[in-house]
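Worksheet: one structure, shown below.
Any read-out appearing in this document is the output of simple, stated calculations on the displayed coordinates, not a laboratory observation. Small disclaimer: the values here were computed from a predicted structure and weren't measured. Note that we place each Cβ from the backbone using ideal geometry, even for glycine, and neighbour counts take in every protein chain shown.
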Amino acid sequence: MILQFIEPENIANLYPLTLTRPAADLRCGMLTIAEKWMHDLGVESTETGFITRDYLQTAGSPYPRIDSNDVCIFINGSALPNPNWVQAIKKLPLGHALTHAGKLVAFHGTNPNESPETMTAMEDSLDWIDRPYHIFALNGKEIVQDFARITAGRISAPLSDSNRTIGDFPIFLEEGAKVECCTLNSKEGPIYIGKNAEIMEGSLVRGPLALCEGAVLKMGSKVYSATTLGPYSVAGGEISNVVFWGYSNKGHDGFLGNAVLGEWCNIGADTNASNLKNTYDEVKVWNYASGRFDRSGQQFCGLIMGDHSKCGINTMFNTGTVVGVACNLFGAGFPRQFVPDFSWGGAQGFVTHKLDAVHKTANLVMPRRKRTYGDFEKSVMEAVFAVTEPLRGEG
């Protein structure tokens, strides 16, 4: 089976997170959407491709497209798998497609643009990542499902007797994981501690919780349910229902809740982000596609931050703030609730964060995690800079 992921109808609904990646590379729970489907359908990475924007498929891209006349299963990259849909897709005849609530889920054919012979609408429940805030809203449920995918039939590494455990959901440690003198509460969901990840002493954590490979929780951290630390992320302070994509830092005190951070972000010490309006009203969130603040359906919604963005110490974010790619924020007061990509400044106003400065910082940051800011990464930043230029205004 060849598996190819196609983009949802309007990829801009998922900006800024999908400015730098296909929708199927979004992380919700422990795995990306693509990794979930690959696991459930039994497909190897060598048989998996992405049909996405040209600037994400230049030389060196981790999102290759499989160009062939072979028959493929094409899957909408914003749909989250569950057993009923996986079984239906495995049995999908050639030339047939499955839809849900009027949206294409999967098509069995040779060309994603061809018209299916038969369209079958399935009424079985299906979760979608249609907006960035759906990531944290569904994260607890997805951690539970990913925990089962990853740990089924396996035995956890031993947990040190220095820890206190509460609850009946399982706690699973991969090889090299370190946890000492912590309180682990698994009453509401499982706790997963990945390879070479660490929860430092004095931390209080509640499941469902996932630390991916190499992630670190600093000493005395307070972490509430439905939180994911992606690979090699570092977090501390008070965190609740947050998804750290990977390689991002919030290493100090301060509160972050109901939030999503992309890769290579850094949150300054004592930064706080509101996740609930004083009026308790529904939060409106900036939508790149509509060009306005749209209703989110969420009463709790904190910070959404694109890749390579950073903020200084004591930064304050209003409820439902969206920060684009490669922003540098600092200074007193609350920045506006939508900060356009490549912005430099704060509440007093913004200028453009120049590309040469973005390249310079990334070249310093990424080697610290043994990653390289190569030609592909540089070209993506340049493409995103051009795509988002109409959004920027100085002052």
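Length gained on full extension, residue 370 to residue 332, computed as 0.36 nm times the residue gap minus the Cα-Cα distance: 10.3 nm. Peptides 119-125, 13-19 ranked from most to least packed give 13-19, 119-125, packing being the mean of other C-beta atoms within 10 angstrom over each peptide's residues. Sequence-ordered 3J(HN,Hα) estimates for region 49-55 from the Karplus curve with 6.51, -1.76 and 1.60 and θ = phi - 60° stand at x, 10, 10, 9, 5, 4, 5 Hz, glycine and proline given as x. Close amide H pairs (under 5 Å, H built 1.01 Å from N) link residue 353 with 343, 344, residues at least 5 positions away or on another chain. Around the amide H of residue 127, modelled in the peptide plane, lie the amide H atoms of 80, all under 5 Å away and 5 or more residues distant in sequence or on another chain. Given a Förster distance of 56 Å, report the FRET efficiency between residue 175 and residue 392 from their Cβ-Cβ distance, rounded to the nearest 0.05. Efficiency for this residue pair is about 0.75.
What FRET efficiency would be calculated for the residue pair residue 183, residue 213, taking the C-beta separation as r and a Förster radius of 22 Å, to the nearest 0.05? Please report the intermediate quantities before stating the final value.
On the way: r = 23 Å, r/R0 = 1.05.
Working from the Cβ atoms, E equals 0.40.
Estimated from the Cβ-Cβ distance and a Förster radius of 25 angstrom, the FRET efficiency linking residue 114 and residue 59 is about 0.30.
The reciprocal of the average 1/r between distinct C-alpha atoms defines the Kirkwood hydrodynamic radius, which for region 2-130 equals 14.7 Å.
Karplus-derived 3J(HN,Hα) values for region 87-99, using 6.51 cos²θ - 1.76 cosθ + 1.60 with θ = phi - 60°, are 5, 5, 6, 4, 9, 5, x, 4, x, 9, 9, 10, 10 Hz; glycine and proline are entered as x. In this simple spin-label model, placing a label point 7 Å from the Cα along the Cα-to-Cβ direction at both residue 130 and residue 70 gives a separation of 3.4 nm.
Once a ≥ b ≥ c are taken as the square roots of the eigenvalues of the Cα gyration tensor of region 268-380, is the result rounded (a/c under 1.5), prolate (a/b larger than b/c) or oblate (a/b not larger than b/c)? In terms of gyration-tensor shape, prolate. For region 2-130, DSSP calls about 50 percent of its internal beta bridges antiparallel. The HN-Hα couplings worked out from phi for region 178-185 by the Karplus form 6.51 cos²θ - 1.76 cosθ + 1.60 (θ = phi - 60°) are 10, 9, 9, 6, 10, 10, 10, 9 Hz, whole numbers, x standing for Gly and Pro.
Region 229-277 and region 295-324 have Cα centres separated by 10 Å.
Is the shape of the chain rounded, prolate or oblate, going by the alpha carbon gyration tensor and its root eigenvalues a ≥ b ≥ c, with a/c under 1.5 for rounded and a/b larger than b/c for prolate?
Cα axes put the chain in the oblate bin.
Working from label points 7 Å from Cα in the Cα-to-Cβ sense, the residue 270 to residue 9 distance is 4.8 nm.
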